[in-house]
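The values are calculated or read from the model by the stated rules, or taken from the named source; none is laboratory data. Since this is a predicted model, take the numbers as computed values, not measurements. Positions of Cβ are backbone-derived with ideal geometry, glycine not excepted, and every protein chain shown enters the neighbour counts.
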Ligand SMILES: NC(=O)c1ccc[n+]([C@@H]2O[C@H](COP(=O)([O-])OP(=O)(O)OC[C@H]3O[C@@H](n4cnc5c(N)ncnc54)[C@H](OP(=O)(O)O)[C@@H]3O)[C@@H](O)[C@H]2O)c1
């Protein structure tokens with residue numbers, strides 16, 4: 001499902017072209033890792049954002065992203081600006097929050113933003129808006145001036161693509177061109193803690209709750 005989410009969001013909305021720059025966060029997780037690797041296969045330049053040195057090294061060295069940044073770095077917005085000298089053509093939105101704030105001014109004219117998830121906000125239903133000026137009114141104006149495409153989607157919206165996904169992804173997996181990682185948690189009783197850990201970035205790869213050995 002996360003692999004298909006990445007494939008469909010890119011195929012239908014992001015449409016990275018050779019030489020374009022794509023940015024994705026939660027880049028060591030199943031959606032982000034697949035997004036970045038598919039974009040590399042399409043000859044785009046890929047910047048991944050992940051929390052901590054271990055995940056950053058994995059994204060850069062094992063997944064083959066061009067650049068990997070840590071969103072927890074105090075100068076993250078400056079690092080991101082330096083990493084995209086030609087601006088951002090596709091931002092695959094997995095997280096929202098501070099990463100989105102850093103990305104927004106760097107989007108190029110005609111950039112595409114598949115809005116897949118906003119995990120930074122999942123735990124904040126009752127929270128107050130962040131401090132500072134209300135930036136919401138400026139967003140439509142930016143979308144107009146830069147002719148941006150923002151489109152939310154749920155992977156099942158694109159089920160017609162599933163057979164094509166199985167063919168193309170199946171071949172990539174067989175050829176070793178797409179890597180993935182799973183993070184096993186044993187026992188249903190540990191599922192709630194695993195979910196809380198995922199919201200904190202404690203998982204490293206797709207969280208799978210294992211109920212029993214085969
Ligand atoms: N639209 C759809 O159909 C669809 C389908 C599947 C998943 N999704 C969404 O896709 C996104 C990724 O899913 P996944 O299963 O691949 O997750 P994941 O990467 O396995 O786990 C989520 C990751 O988000 C990162 N994160 C958490 N809080 C963050 C914050 N405040 N700022 C930046 N990063 C933060 C953490 O990684 P770091 O340690 O690297 O920060 C965490 O490991 C989620 O938003 C999910 O809800 C959408």
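For (1) within 10 Å of the ligand (Cβ to nearest atom); (2) touching a strand residue (DSSP E or B) at 6+ places or on another chain (Cβ under 7 Å), each residue gets a yes or a no:
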position: 39; (1), (2): no, yes
position: 45; (1), (2): no, yes
position: 55; (1), (2): yes, no
position: 64; (1), (2): no, no
position: 67; (1), (2): no, yes
position: 78; (1), (2): no, no
position: 88; (1), (2): no, yes
position: 94; (1), (2): yes, yes
position: 106; (1), (2): no, yes
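Residues checked against (1) outside any helix (DSSP H, G or I); (2) touching a helix residue (DSSP H, G or I) at 6+ places or on another chain (Cβ under 9 Å); (3) more than 21 Å from residue 26 (Cα to Cα); (4) assigned by TED's automatic domain parsing to the domain that holds residue 120:
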| site | (1), (2), (3), (4) |
| --- | --- |
| 190 | no, no, yes, no |
| 194 | no, no, no, no |
| 197 | no, no, no, no |
| 203 | yes, yes, no, no |
| 207 | yes, yes, no, no |
| 214 | yes, no, yes, no |
Residue in the stretch 49-57 that is modelled with pLDDT of 95 or more, in contact with a helix residue (DSSP H, G or I) (Cβ under 7 Å, 6 or more places away or on another chain) and over 25 Å from residue 181 (Cα atoms) present: no
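Among the residues of the stretch 151-179, write down those that are closer than 20 Å to residue 59 by Cα and either touching a helix residue (DSSP H, G or I) at 6+ places or on another chain (Cβ under 7 Å) or assigned to a helix (DSSP H, G or I) (or both). So that I can check it myself, show each step before the final result.
Here is the first cut: in the stretch 151-179, the residues closer than 20 Å to residue 59 by Cα are 169, 172-173, 175-179.
169, 172, 173, 177, 178, 179 - these are the residues of the stretch 151-179 that are closer than 20 Å to residue 59 by Cα and either touching a helix residue (DSSP H, G or I) at 6+ places or on another chain (Cβ under 7 Å) or assigned to a helix (DSSP H, G or I) (or both).
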Top-ranked residue in the stretch 107-124 [being assigned to a helix (DSSP H, G or I) and without any contact (Cβ under 8 Å) to a residue 60 or more places away in the chain; ranked as surrounded by the most Cβ atoms within 10 Å (Cβ to Cβ)]: 120
Within the stretch 174-197, considering residues that are surrounded by 13 or more Cβ atoms within 10 Å (Cβ to Cβ) and closer than 28 Å to residue 41 by Cα, the one farthest from the ligand (Cβ to nearest atom): 177
Tally, over the stretch 68-92, of residues that are under 14 Å from the mean Cα position of the chain (by Cα) and without any contact (Cβ under 8 Å) to a residue 40 or more places away in the chain: 2
Answer residue from the stretch 108-125, given it is in contact with a strand residue (DSSP E or B) (Cβ under 7 Å, 6 or more places away or on another chain) and away from the ligand (no atom under 16 Å from the Cβ) and is farthest from residue 26 (Cα to Cα) among those: 108
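Conditions tested, residue by residue: (1) within 15 Å of the ligand (Cβ to nearest atom); (2) in contact with a strand residue (DSSP E or B) (Cβ under 9 Å, 6 or more places away or on another chain); (3) under 23 Å from residue 148 (Cβ atoms).
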site	(1), (2), (3)
5	yes, no, yes
9	yes, yes, yes
16	no, yes, yes
24	yes, yes, yes
50	yes, yes, no
58	yes, yes, no
70	yes, yes, no
Residue check for residue 163: at pLDDT below 95 and either over 27 Å from residue 64 (Cα atoms) or loosely packed, with under 11 Cβ neighbours inside 10 Å (or both): no
Residues of the stretch 138-160 that turn out to be surrounded by fewer than 12 Cβ atoms within 10 Å (Cβ to Cβ) and either touching a residue at least 40 places away in the same chain (Cβ under 8 Å) or within 19 Å of residue 11 (Cβ to Cβ) (or both), as a count: 4
